[in-house]
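Beneath this line is the structure, given in C-alpha cells, with notes to follow.
Just so it is clear, none of the values below were taken in a lab; they were calculated from the coordinates. All figures in this text were calculated on a predicted structure; none of them were measured in a lab. Because the Cβ atoms are built from the backbone with ideal geometry, glycine has one as well, and the counts that use them run over all protein chains shown.
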Amino acid sequence: MKIFLDTSSLFKLYHQEEGTEILEKIFEQEKITHIFLSEITKLEFTSTVWKKVRTKDITKSEALTAIKHFETDFVKFTFIATDSLILEQAKNLITKYGNEGLRTLDSIQLSSCVALDKEVDVFFAADKLLEKLLNREGLKTQLTS
C-alpha cells in the first residue's frame, strides 16, 4: 500500500499522543511499500517538535532525539517537491477553500496530495480541516476506507 502522511500524522509516529495507536496498527496490519510526504514536512515537523517543547509536552532532549530520528528516516520517505506547479495548485486551493480556513502550509500539503491522486492508496491527515478537504477533493482518507 502507498500512503501519504501529513505532518500531524507523521509526528504521531515519533511521539506518543492521541492517534498514535491507530497509525501503529495500520503499519502493523498493512504492507506499506511507499510513504509520501510533502517536502514542507521537513520544516513543519521541526516546527511542531519545538512547539511541543514550548508547551512543555516534551523536553529539549526529546525534541533533539525526535528530529534526529526523523532525519535518519528520510531514506524511508518519498518527498514531493514544492515546485512551481505545487505552489500554483496550492494558490488555487486557497481560492477554493480559503473561506473554510485553508491556510498556506496546509494548502501546500493538499496540493501535494492532489498531485499524488493516482499514486497513493490512502491519505492520512490528523488535521481535521485537511482531512475534510482531502475528502472533498475525492481522495481516500482513513475515514473513507
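Structure notes:
- Within region 44-56, the set of residues being touching a residue at least 12 places away in the same chain (Cβ under 8 Å) and either surrounded by fewer than 15 Cβ atoms within 10 Å (Cβ to Cβ) or charged (D, E, K, R) (or both) comprises Glu44, Trp50, Lys52.
- Whenever a residue of region 93-105 is without any contact (Cβ under 8 Å) to a residue 24 or more places away in the chain, its partners that are surrounded by 18 or more Cβ atoms within 10 Å (Cβ to Cβ), lying with C-beta atoms within less than 6 angstrom and at least six residues away or across chains, give the pairs Ile94/Leu102; Ile94/Ser107.
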